[in-house]
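The numbers here are math on the coordinates, done by the rules we state, and not lab data. Only a predicted model underlies this, so the values are computations on that prediction, with no experimental measurement involved. Glycine gets a Cβ as well: all are built from the backbone with ideal geometry, and neighbour counts include every protein chain shown.
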Amino acid sequence: MIGFLDPALLWGLGAAALPLLVHLFFRRRPRPLAFPAFEFVLRARRQTERRLKLRKLLLFLARTLVLAAVALALARPRAERPETSAAAAAGPAATVILLDASGSMSYRLGGETLFERGRREALAALARLGNQEPVAALLCDGATPRAVAPSFDRAAARQLLSEAQPTALHADLTTCLAAAAQGLGEGRGQERLARRIVVVTDLTATAWRLEAPPPELPGPGGKPVRPEVVVVDAARGAALPNLAVTGLTAEPDAAVGPRGYRVTATVLDAGVERAGEVSLTLRAAGDARPAVRAFLDVPPGATVRKTFSHPFTAGGPAVLTAALPADPLTLDDQRSLTLRVPREVKALVVDGAPSPMKLRDEAWFVEAALTSAASPVRPTLIDAEALAGADLHAFDVVLLLNVRSVGSRAADLEAFVHGGGGLFLSMGDQIDPDEVNRELAALLPLPLHLVKTAAAPGAERGAARLARIDEAHPALAVFTGEAREGLVGARFQRYMLTRPAGRGEPPVVLAAFDDGAPALVEARRGKGRVLLYTSTVDRDWTDWPLRTSFLPAMQRFAGWLSGALDDRRDPPTVVGSPRTLHLEPGRRLAALVGPDGKSRTGRDLGVTSAATADGGADLTFTPLQPGAWQVQVEERGGARLDGALAFAAVIDPRESDTRRLDPAALTAWLGGGGSARVDGWPGGGGGGGPGVPLWSILLAVAVALFLAEAALLA
């Protein structure tokens, strides 16, 4: 069946009668004139009369059809299927064209991205609208959608669609559809027009929330009505198989070495057919070691986790990247992770009770733990008397093991900690609580009180146990699962009780005994940290040095106190979410280097700055590209990249799930076939569209008839 977008222009068909009127108006009747000399001319004319009549008839038809074809083309006819035309809005309609610009629209299909297809479909939909139909264009690009009322400013809508670019963000089409309906309801003077929303998308299921109410707008008398919704499938019904790295984590693994990590990557197969064996590569930026490669067989619609063991050759900031071979959606083919690998720690171990017998020596178990092959700590062992001549600034952390008195070095220790150093204190029979409280009052997390005896030496019955452990703390984070038994299984026959804290910053209890008495207490002093352990590091008061947890605990205590342990365990930032960076006093942001290697200034990225209590600044901005971001800071020595501020941005895993939504379910949610159709808008791609444009064909016919007329007149 034939329909017209501009039926009012059909009056132009009257112009087709002009050739007939001209012919009738200028037709002359011949006058009889007897002239014998013309007799031979008439005889010749009779021979060609039939040919001339046919030529005139063809010329008359050509002129008439030229005018008729032009008039019909101006009315913009289209060929429609009966079921399609029944669902279309009758007459002109106020229209909102909604273009999906989410990450999954970057999927490449048939030599072009789905976004390029979708943008072409949206522009074609705009061109199809009649002159009396107001229109608005809206991008669903992950940002909060803003309702826009339709207007007759076609140029603004065309410019927005033409200049639109895909993003790496997740877009909620249900929310965008509600904003489009709101815009339709705000159109002034358009109440009598039908209302239509054209949605151009890839029809991925994760973009829709069918449990939410469908879009509605105010109708006559305030009663809500549903707009006509036309969903254009940019993929044209094709499946969109996709392999993606949707997760990447790293945990320290002492079994691999002092800087070893257990890295776990998660891979999703969003296809409906088995992709076969795929390779997954793990790379470390700046690491001289070759990349690690593994092969995975991921079932369709499922995820698989692969674990790597990776030792770093040096400490400091590092970037890990897990990558798959390139596929049609390149945004999620790799995922990055930033972390701080423990650097080498220089520790000064002060033995407060040395003994020629190793098992009786106060520092023997600690020294054995810190010098193991998996330890990043390099200890230097001295006795309490040698502390007076030690250069504290040559070390990152000082461990005072059952030291009776620090003498004249109390002020030096205070300056050492406030400058960023770490201090560890353990108890023993050499400790006088009152003397230690007097010398180290400015450093102790809690004042010492007296020694409590829970059981006889070496006895397990009645001995105290660790009952409350802060497993979220970086120093104790490795003691989970089976490793936790190494902590809770230790027995403590004696330990030092403490008094309540005084004024100042409150301490943090990392572990407590089953009677509630603190076992491990941490406090910050200036730029440094102090950790108080209320029992012994030898076997005098406890059997903990014999437990499997003692060795990694002492290594992590030293790393935490020195700042070498990764205490920044924040997850990667999702693209489109704000990221806050802290700059210390005297430093300012010079530029941000994106995953593409291009430097961007804060002004280009919309960075906002807020002063902090320490005199520094918190910088907040929103990354829009997935990958590793580097931060260039400017200080007295010039501008440089600060690896400690580097971070990774990742796309929302929902954009990697390209499994498609059932069109029947979407149509039912939108109100059924009477008010919605999927893939039903023309523009060069949708099967089952509402019509095939005929005006271009009519214009071509008019040109051909015009040329035919010229040939007849020649």
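Considering only 546, 498, 407, and ranking their Cα positions along the charge dipole of the range 345-562 that arises from unit charges at the beta-carbon of Lys, Arg, Asp and Glu, the one farthest toward the positive end is 498.
A Cβ-based charge dipole, computed about the Cα centre of the range 345-562 with Lys and Arg at +1 and Asp and Glu at -1, lands at about 400 debye.
Sorted on the mean count of surrounding Cβ atoms within 10 Å across their residues, most packed first, peptides 245-255, 174-184 read 174-184, 245-255.
The three principal axes of the Cα atoms in the range 345-562 give end-to-end lengths of 43, 41, 34 Å, sorted in falling order.
Applying D = kT/(6 pi eta Rh) to the range 88-174, where Rh is the Kirkwood radius over alpha-carbon pairs, T corresponds to 10 °C and eta to 1.306 mPa s, the Stokes-Einstein value obtained is 117 µm²/s. Each peptide among 546-554, 124-132 gets the average number of other Cβ atoms lying within 10 Å of its residues, and from highest to lowest they stand as 546-554, 124-132. As a rough guide to protection, the peptides 453-462, 419-428, 615-624, 492-501 ranked by mean Cβ packing within 10 Å, highest first, stand as 419-428, 492-501, 615-624, 453-462.
Please give the residues of the range 623-659, grouped as numeric ranges, whose backbone N is less than 16 Å from a label point set 7 Å along the Cα-to-Cβ vector of residue 143. Answer for the range 623-659: 623-625. Among 300, 250, 330, pick out the residue whose Cα is farthest towards the positive end of the charge dipole of the range 243-342, where Lys and Arg carry +1 and Asp and Glu carry -1 on C-beta, about the Cα centre. Farthest towards the positive end: 250.
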